[in-house]
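Step one of this worksheet: look at the structure below.
The values are calculated or read from the model by the stated rules, or taken from the named source; none is laboratory data. Being a predicted model, the structure only gives us computed values, none of them experimental. Every residue, glycine as well, gets a Cβ built from its backbone with ideal geometry; the counts of neighbours run over all protein chains shown. Surface accessibility is based on the protein's heavy atoms, side chains included, excluding ligands, DNA and RNA. Shrake-Rupley method; radii C 1.70, N 1.55, O 1.52, S 1.80 Å.
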Amino acid sequence: MALPLLPIPGIPLPKQQQSLSSNIRRRATTVTAELQTAVVRTGGTDFQFPSVDAPTHKVTVHDRQRGIVHEFVVPEDQYILHTAESQNITLPFACRHGCCTSCAVRIKNGQIRQPEALGISAELKEKGYALLCVGFPTSDVEVETQDEDEVYWLQFGRYFARGPVERDDYALELAMADE
């Protein structure tokens, strides 16, 4: 079986190869269209490709850990974290999927839409917490980064009957002696 010849600009292909080449192009177009459709479907119901005409909002992030204030503009249909990174602004993050609390912020002013934020409860959202990795600005917004452990404790602390686990040096010594 002969392999199809690839077209080279300026050099005509034999008739048989021309029809094969157009079939390959037609299949590639179909596959590309199918892939684009699949990408849109996998993004969830709120997923949209970034629009050139989307309204933009000024986002101000007070990074408590670094003592820096960042101001940048984010289109309403793009994630705040991704837009910050595209402008070479470094913000805390870990999973990028809204499942942890590394990029958690407390909203001081404005609003953030975050339908995919699984890492924080509805209760914390109501108290003004948001996740930058899956947050879309819906107005000019001012936020302050939070300590990940602090947000984790707010989220899950009530489930630990005695509060945070404290280190028990005696138990540690016993465990080390067994090794």
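Descriptive notes on the structure:
- Phi angles across region 108-115 convert, under the Karplus curve 6.51 cos²θ - 1.76 cosθ + 1.60 with θ = phi - 60°, into 3J(HN,Hα) values of 8, 8, x, 9, 10, 8, 9, x Hz, Gly and Pro given as x.
- Cβ crowding within 10 Å averaged over residues, with 75-88, 95-108 ranked highest first: 95-108, 75-88
- Between the amide H of Arg113 and those of Phe136, Thr138, distances stay under 5 Å, these residues lying 5 or more places away or on another chain, with hydrogens modeled in the peptide plane.
- Accessible-area value, His62, 1.4 Å probe, nucleic acids and ligands omitted, Å²: 40
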